[in-house]
Amino acid sequence: FIAALMVIPIFWGNVSSGIKAVDVKSLEVAKVFGFGVYQKLKYIYIPSLSRFFTAALHTGAGLSFKSGVAAEALVRTKDSLGGMLFDAKADFESEKLFAVTAVIIILSAASEAVIARLCEKNEKKEKNNARTEEHLKEIR
């Protein structure tokens, strides 16, 4: 829950920026050709928002993990990274504190890397779809 509260404003801000960045000329063309809501979403809004959504995903992945660990530390849950971090700090166990911190950093970086990899695959797929659509237009 805490992680969601930390990440939602990031998504909200990025998606709002993406909506504001939609090309006005594209919307005018859609109006001229009588696009419905679904067509505007599919061909104008979603492609425009994908960059902003991807940026929010990159930022939110690491932040949500770290805020989840911070929430665990505040609540002092047992058998969790946050709980171990709090116990090590409270008991002045420097080795354990550094070890848990290193694990948190590694897991956070790994989660960000997984999200980045998934976004790269999605971008490649979108580029291939765009090329296919352009090729089909040329054939017609």
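The values are calculated or read from the model by the stated rules, or taken from the named source; none is laboratory data. Just so it is clear, the model here is predicted, and its values are computed rather than measured. Glycine gets a Cβ as well: all are built from the backbone with ideal geometry, and neighbour counts include every protein chain shown. Note: accessible area is taken over every heavy atom of the protein model, side chains too, but ligands, DNA and RNA are not part of it. Shrake-Rupley method; radii C 1.70, N 1.55, O 1.52, S 1.80 Å.
What about F98, is it more than 30 Å from F53 (Cβ to Cβ) and either part of a loop (DSSP other than H, G, I, E, B) or touching a residue at least 60 places away in the same chain (Cβ under 8 Å) (or both)? Spelling it out, it is not the case that F98 is more than 30 Å from F53 (Cβ to Cβ) and either part of a loop (DSSP other than H, G, I, E, B) or touching a residue at least 60 places away in the same chain (Cβ under 8 Å) (or both). Applying the condition of being open to solvent by 50 Å² or more (accessible area, probe 1.4 Å) and not aliphatic (A, V, I, L, M) to segment 102-122 and asking which residue is farthest from I46 (Cα to Cα) yields E112.
If you go through segment 33-44 and keep only what is part of a helix (DSSP H, G or I) and either open to solvent by 60 Å² or more (accessible area, probe 1.4 Å) or in contact with a Pro (Cβ under 9 Å, 6 or more places away or on another chain) (or both), you end up with V37, Y38, Q39, K40, L41, K42, Y43. Taking segment 1-45 as the search range and keeping residues that are among the polar types (S, T, N, Q) and over 14 Å from the mean Cα position of the chain (by Cα), which one is nearest to V75 (Cα to Cα)? Filtering segment 1-45 for residues that are among the polar types (S, T, N, Q) and over 14 Å from the mean Cα position of the chain (by Cα), the one nearest to V75 (Cα to Cα) comes out as S16. Every condition in (1) modelled with pLDDT under 85; (2) open to solvent by 60 Å² or more (accessible area, probe 1.4 Å) holds for S48 except the one numbered (2). Taken together, the criteria place A88 among residues that are free of Cβ contacts under 8 Å to residues at least 24 places away in the same chain, surrounded by 16 or more Cβ atoms within 10 Å (Cβ to Cβ) and either in contact with a helix residue (DSSP H, G or I) (Cβ under 6 Å, 6 or more places away or on another chain) or of a type in the set (D, E, K, R) (or both).
Counting the residues of segment 54-82 that are open to solvent by less than 50 Å² (accessible area, probe 1.4 Å), without any contact (Cβ under 8 Å) to a residue 40 or more places away in the chain and either within 16 Å of A4 (Cβ to Cβ) or in a helix (DSSP H, G or I) (or both) gives 4.
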